[in-house]
1. Relative contact order (percent) for region 1-71, with alpha-carbon contacts under 8 angstrom and 6 or more residues of separation?
2. Springs between alpha-carbon pairs under 10 angstrom, Gaussian network model over the chain: which of ASP32, ASP58, ASP12 fluctuates most?
3. Of LEU91, LEU77, LEU64, which is the most mobile in a GNM of the chain whose springs link Cα atoms less than 10 angstrom apart?
4. Using a basic spin-label model with each label point 7 Å from the Cα along Cα→Cβ, how many nm lie between ARG68 and ASP51?
5. Could you give the longest part of the chain that holds none of the GluC sites (Glu not before Pro) found in DSSP loops with at most 15 neighbouring Cβ atoms within 10 Å?
6. Within 10 Å of each candidate Cβ there may be at most 10 other Cβ atoms; applying that plus a DSSP loop requirement, which chymotrypsin sites (Phe, Trp or Tyr not before Pro) in region 20-59 survive?
7. Provide the FRET efficiency to the nearest 0.05 for the ALA33-ALA107 pair, computing r from the beta carbons and using R0 = 30 Å.
8. Can you list residues from other chains, or at least 5 along the same chain, whose modelled amide H is less than 5 Å from the amide H of GLN90?
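Please treat every number below as a calculation from the coordinates, not as lab data. Just so we're clear, the structure is a prediction, and the values are computed from it rather than from any experiment. Positions of Cβ are generated from backbone atoms using ideal geometry, with glycine treated the same way; all protein chains shown enter the neighbour counts.
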Amino acid sequence: MAVELKPLAPADAIAAFARRKPNLVDTFSWQDAWQEEHATMFTVAKSAGFDVLKDISDALEEALKEGRTVREFSRDLRPVLQAKGWWGKQLVEDPAPVTWSRLGSAARAG
């Protein structure tokens with residue numbers, strides 16, 4: 001079954017994010033949570049084992065409340081992620097084989 005995504009009005013998007021924010025789930029792969037789970041949680045792939053998920057969630061909440069652009073959000077979040085070592089290409093370990101993975105980057109942040 002395909003999932004159809006429809007744009008939300010800004011107020012509805014903020015409300016949807018607020019419903020997910022209490023359920024932060026750090027994951028390694030986008031496949032670690034699937035379909036219905038994604039509807040009730042906030043996650044960022046490759047966040048497992050790093051102390052970054054709450055930082056990203058808090059930064060997104062602030063950006064939404066302030067009406068900031070994706071560019072502003074990305075610019076302000078980047079130094080936080082870099083300081084925690086969650087930036088660039090790194091060798092990370094999953095329960096599956098070790099693989100090179102793109103962690104934080106300009107493309108992922110915005």
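1. Worked out over region 1-71, it gives 29 percent.
2. Top of the fluctuation ranking is ASP12.
3. Comparing LEU91, LEU77, LEU64 in the GNM, the peak value goes to LEU91.
4. Reported label-point gap for ARG68 and ASP51 is 2.1 nm.
5. With GluC sites (Glu not before Pro) excluded where exposed in loops, the chain gives 37-92 as its longest stretch.
6. Working: sites: PHE28, TRP30, TRP34, PHE42, PHE50; in loops: PHE28, TRP34, PHE50.
Here the chymotrypsin sites (Phe, Trp or Tyr not before Pro) that fit, given the DSSP loop and packing criteria, are TRP34.
7. Details: r = 21 Å, r/R0 = 0.71.
According to the calculation, E is roughly 0.90.
8. Under 5 Å from the amide H of GLN90: SER101, LEU103.
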